[in-house]
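Some notes on the structure that comes next.
The values are calculated or read from the model by the stated rules, or taken from the named source; none is laboratory data. Just so we're clear, the structure is a prediction, and the values are computed from it rather than from any experiment. Neighbour counts are summed over all protein chains in view; Cβ atoms, including those assigned to glycine, are modelled from backbone coordinates with ideal geometry. Heavy atoms of the whole protein, side chains included, go into the accessibility calculation; ligands, DNA and RNA do not. Shrake-Rupley method; radii C 1.70, N 1.55, O 1.52, S 1.80 Å.
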Amino acid sequence: MNFVDLRSDTVTHPTPEMMEAIAKAKLGDDVFEDDPTVNRLQEIAAEKLGMEESLFVPSGTMGNLIAMLAHCNRGEEIIVGDKAHIFRWEGGNVAALGGIHPYVIPNQANGTLDPVKIASAIRIEDVHLPRSKTICLENTQNNCGGVAIPPDYFATIRQLAAEHNMTVHLDGARLFNAAVALNVPVTDFSSQVDSVMVCLSKGLCAPAGSILAGRKDFIYTARKLRKMLGGGMRQAGILAAAGIVSLEKMVDRLADDHHNATKLGQELFKIEGIEAGMKIPTESTLTNMVYFKLSNELPISPEKLVERCEKEFQVKIDPGSYRQFRLVTHYWVTDEGVERTLEAFRTILGSI
Ligand SMILES: *Cc1c(COP(=O)(O)O)cnc(C)c1O
């Protein structure tokens, strides 16, 4: 029996079409900018995102870090949400490697940063103060329920940044999920920011790699920074070939993942002992994540639930923290997988 793996959409392995594209990929040395498959991926990505150029990077974390290093000098400041991936899950890299100072403000329940709070975080010019350089946004906002944030918000922040001579970076690890959920072109977001990072290796199923996109001069600097960080790869067309399939074939079908997450959430919340882990996104802003909390009254530990799901139903879930769980749907989670997951929860929680 196959596992249903809901721990993340990062667990997606390449589709059969990707394996075929990988086998046939024309290769070169990408540090010489000589790999035709990487070059093609970068052109396609720049075009889809409506940016002048793009750069293939080994990971989303490196893409975000490169963007921060390109936008800010040492001692300068980014404004970032307390639930942002850049702040929470990237090892403090902007501070450790870039000498960049994060000014952290709270994410609101809908995933956004309050423009009034951003405005009051922007520093005046004063000898005592770091210089405010970049506003970091995230869409979809992973830690706020994987919620999709609509384009008009990005227009507001762009305006605010322009008034203060600041840049805007979008951590769009799952930006295509946001575009599909809200049924808008992805350029509605990317056209409002100076730089954007998108992951190919999550719901889009590529084995590895992300895209960083922006203006031509920004990408020139980004390429240098990627080299400095050790991210210049050689015959990276092996990976880029899968990335091309991601962008051309795997975007529209993200709607299936959103549909499965909606169904999973709706049925899961009917089970006694399962509580919504946070404000549930409305149907149009929900993407491929379901957050829930295991009620404190239920006499089962998160570890035991995880163990039983895996042993008895071949359903893999992440134990999360403080009895809060996140389930993530993706290409390899079928209708049967959703049914099996619900069956696992109903059986286990009904029997304790
Ligand atoms: C996964 C993720 C990243 C980092 O991507 P990696 O490829 O895992 O380094 C950045 N931001 C968000 C919102 C993510 O979900």
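Descriptive notes on the structure:
- Any hit, segment 236-251, residues being open to solvent by 10 Å² or more (accessible area, probe 1.4 Å) and in contact with a strand residue (DSSP E or B) (Cβ under 7 Å, 6 or more places away or on another chain): no
- Filter result for Ala173 (outside any helix (DSSP H, G or I), within 14 Å of the ligand (Cβ to nearest atom) and either open to solvent by 10 Å² or more (accessible area, probe 1.4 Å) or out of contact with any Pro (no Cβ under 9 Å at 6 or more places or on another chain) (or both)): yes
- Thr156 meets each of the listed conditions (1) open to solvent by less than 40 Å² (accessible area, probe 1.4 Å); (2) touching a Pro at 6+ places or on another chain (Cβ under 7 Å) apart from (1).
- Single residue of segment 322-333 satisfying the filter (over 17 Å from Gly273 (Cβ atoms) and open to solvent by 70 Å² or more (accessible area, probe 1.4 Å)) that is nearest to the chain's Cα centre (by Cα): Tyr331
- Applying the condition of being open to solvent by less than 10 Å² (accessible area, probe 1.4 Å) and hydrophobic (A, V, I, L, M, F, W, C) to segment 205-235 and asking which residue is farthest from the ligand (Cβ to nearest atom) yields Ile219.
- Number of the exception - Gly92 against (1) at pLDDT below 95; (2) at positive phi: (1)
- The set of residues from segment 111-123 being more than 14 Å from the ligand (Cβ to nearest atom) and not in a helix (DSSP H, G or I) comprises Thr112, Leu113, Asp114, Ile122, Arg123.
- Unmet requirement for Ala162, which otherwise passes all of (1) surrounded by fewer than 16 Cβ atoms within 10 Å (Cβ to Cβ); (2) touching a helix residue (DSSP H, G or I) at 6+ places or on another chain (Cβ under 6 Å): (2)
- Qualifying residue in segment 130-137 (condition: closer than 19 Å to Tyr291 by Cβ, within 15 Å of the ligand (Cβ to nearest atom), touching a residue at least 24 places away in the same chain (Cβ under 8 Å) and in contact with an Asp or Glu (Cβ under 8 Å, 6 or more places away or on another chain)): no
- The single condition among (1) of a type in the set (Val, Ile, Thr); (2) within 23 Å of Leu69 (Cβ to Cβ); (3) free of Cβ contacts under 8 Å to residues at least 60 places away in the same chain that Ile219 does not satisfy is (3).
- Test for Lys24: is it more than 16 Å from the ligand (Cβ to nearest atom), buried (at least 16 other Cβ atoms within 10 Å of the Cβ) and among the basic types (Lys, Arg): no
- Segments classed as helices (runs of 4 or more DSSP H), wholly inside segment 182-250, with at least 2 members that are touching an Asp or Glu at 6+ places or on another chain (Cβ under 6 Å): 216-228, 237-249
- Residue ID - nearest to Ile244 (Cα to Cα), chosen from residues in segment 56-110 that are among the polar types (S, T, N, Q), more than 10 Å from the ligand (Cβ to nearest atom) and open to solvent by 30 Å² or more (accessible area, probe 1.4 Å): Asn110
- The lone exception for Cys144 - which of (1) within 16 Å of the ligand (Cβ to nearest atom); (2) hydrophobic (A, V, I, L, M, F, W, C); (3) open to solvent by less than 50 Å² (accessible area, probe 1.4 Å); (4) modelled with pLDDT of 95 or more it fails: (4)
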